Amino acid sequence: MPRLPWTPDGNFLALRADLVGNVGAHTVSFVPLSNGPRLLPSVYTILACHARIRGVLTNTVPTGPYRGAGRPEAMHVVERLIDMAAADMGLDRIGCAAAATLFRPTGFPTKTRWGPPTTAASSR
């Protein structure tokens with residue numbers, strides 16, 4: 001079960017995710033799955049991260065990398081976790097959580113807990 005604990009003022013403490021991906025009848029590439037954890041923190045300051053990644057062979061066509069491989073899945077997971085946490089705490093999802101934890105424009109380039117430095121010019 002994914003977890004995204006945060007403080008009452010909207011700062012994320014950690015992220016734990018269990019990513020399961022359909023790789024089809026035989027694997028062509030694990031790129032979408034392997035990119036997922038690296039992309040999970042996105043533009044948010046998350047102090048600790050953990051991910052479990054599993055590829056599942058199914059009776060569907062093989063999957064392969066595509067533009068943004070793993071990013072749509074990772075963004076769905078983290079944004080949905082923020083929605084759920086905000087609802088549980090009775091907070092405004094946009095006004096409180098996202099604004100308090102976005103990278104600051106003066107903080108670039110920055111390094112997330114996974115992957116290479118993020119070099120975007122702004123978090124807006």
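Brief remarks on what is shown
- Among residues other than TRP6 with Cβ under 12 Å from its Cβ, the summed charge is 0 (Lys and Arg +1, Asp and Glu -1).
- Prolate/oblate/rounded call for the stretch 29-94, Cα gyration tensor, a/c under 1.5 rounded: prolate
- FRET efficiency estimate (nearest 0.05) - Cβ-Cβ, ARG54 to ARG93, R0 25 angstrom: 0.30
No lab work stands behind these numbers, since they all come straight from the coordinates. Just so it is clear, the model here is predicted, and its values are computed rather than measured. Cβ atoms come from the backbone with ideal geometry, glycine included; neighbour counts cover every protein chain shown.
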